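Each value in this text was obtained by applying a stated rule to the coordinates, not by laboratory testing. All figures in this text were calculated on a predicted structure; none of them were measured in a lab.
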Ligand SMILES: C[S@@+](CC[C@H](N)C(=O)[O-])C[C@H]1O[C@@H](n2cnc3c(N)ncnc32)[C@H](O)[C@@H]1O
Ligand code: SF4
């Protein structure tokens, strides 16, 4: 129960930023920019740990695959066109968006998956031409495509550069062969670095590598070697994720059947700390729980948009959009998606309008993921005792006029947020 009046961040001993936080102004909500996410739900093989909206197409005959990709691309472009034509009023909460409001300029585009690069350079070029014809994409927008190492080639990156893609995000996961085998990855340890070099040679300005730590059988030495390999690469960004075991995956079933150990949180904490230490020493900024950039200009603008509670349009299977406090998501079934789009129906599977309290809570949870934390103006009301408790537990701190997580708080983010609410 509350024993003190609820107060705002500005009154809790933080002065409104007298020092700039790093080099950028930090904006949240609509001021954070406007993003476009497009999902491609195909992979050659579904990795045992992955619960993203994707299906394995590797067993299909080549003709069958090509026909499916053509059909999906046509649906994706049609879906985009329909959504853009309907205007923001069709997505915003009732009464919140005025009729005739135009779409904002797009500040980031992210084509994710699945494995978008399975579509090949020509189809992806057609997709980007459609995006640019439907929406006003800012000349300096960040345009990312997720790419599996085994689908990479100089030719593919040539198409992407010509289509205005300036960032690729590649799943390397580990450089230890036995860890890659456990993760059911279809590439050799050296392939991601070779692919990164091909991307750079083709003119891709920013390259991210995804890593996973804490895989069963991975040793401390494996993780150290993986981080050392990353530091030898000419890349700009690293996403390092603790392995999550999802119930509905092959790993989830293996853990339930007792043939795979569950994740060890102490070990994951040690690997998280090692990643932070090694990557920071190697010139990366640890700017979000799982993300590292070579300087603030190399942070992922599209992901920052999510963490800053910005607005984004969602196109494709299993895609999530957000506009002015309303979220919506589409079906995770490719069959249902294709059938809906081809029948002129909506693929949206659900939506919710967040209350002011829910928006404030979400802004807190997302904002604390980022190193810069939250500006007092973006903080929901916090009980002084709750703040004292979270500060005392070493989960949050104030810095540069903002409230942010400590390293402990980052690892225990849910607990940090729970103590503040
Ligand atoms: C949407 S996936 C797409 C990446 C791309 N298809 C690839 O695998 O190269 C993005 C990243 O999420 C991470 N990821 C997926 N499932 C995960 C899990 N269960 N635990 C931790 N990280 C996971 C992986 O690092 C993966 O590269
Ligand atoms: S991790 Fe990447 S390649 Fe593996 S199933 Fe998930 S999306 Fe596909």
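Find the centroid of the Cα atoms in the stretch 61-78 and in the stretch 217-253, then give the distance between the two in whole Å.
That distance is 32 Å.
For the chain, what's the relative contact order in percent, using C-alpha pairs closer than 8 Å and at least 6 residues apart?
With pairs under 8 Å counted, the relative contact order is 21 percent.
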